[in-house]
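Inspection log for the structure reproduced underneath, given as structure tokens.
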Amino acid sequence: MLFGQSVFQSVLERLKTQDETVEDDAEAPAAHRVASLSTGFAFDVMEGVSVASQRIGEAYFDNLEHEAAAGRLEKPGPLLPPEPVMPDHLTRTAPQEVTAELAISATDTPLTLGEKRRAFARANHPDGVALPFRDNATKRMMLANLLIDEALRRLR
């Protein structure tokens, strides 16, 4: 802090005073400044909210001035996400259908049953499907876990 100000604030104050002296001496351009950049840009953002941040959704249209001059531009409406479609496998919630999908046999070991459980969960876990289909996914997962747990109990 320099004299009760941060370094950044003191730099801004110095730039303000330089701008005032440049306005007084307009015919002598400053050699240390880049001609295309002005300190007003940084100052405007720091003093208040920048103009571009007030119109986030319209920033694209600022670059279409030549098209706007030719005719009226219509702003596109908000894009709605497509309606989710239920995968075919989630419609099969009967115990016989889930049993057929798992294909549990007498030759299965605890290792193969664990692999079947993980593979089934990857495709059917309720956290991995759209909200309207979670009930079906939950039913399928409950049935699959019940069937696999039963098969593991029989192996022991």
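Other residues whose C-beta falls under 14 angstrom from the C-beta of Pro126 contribute a net charge of +2, scoring Lys and Arg +1 and Asp and Glu -1. With R₀ set to 35 Å, the beta-carbon distance separating Arg153 from Leu131 gives a calculated FRET efficiency near 0.55.
Quick note: the coordinates plus some simple rules give every number you see, no bench work behind them. These numbers come from a predicted model, not from an experiment. Note that we place each Cβ from the backbone using ideal geometry, even for glycine, and neighbour counts take in every protein chain shown.
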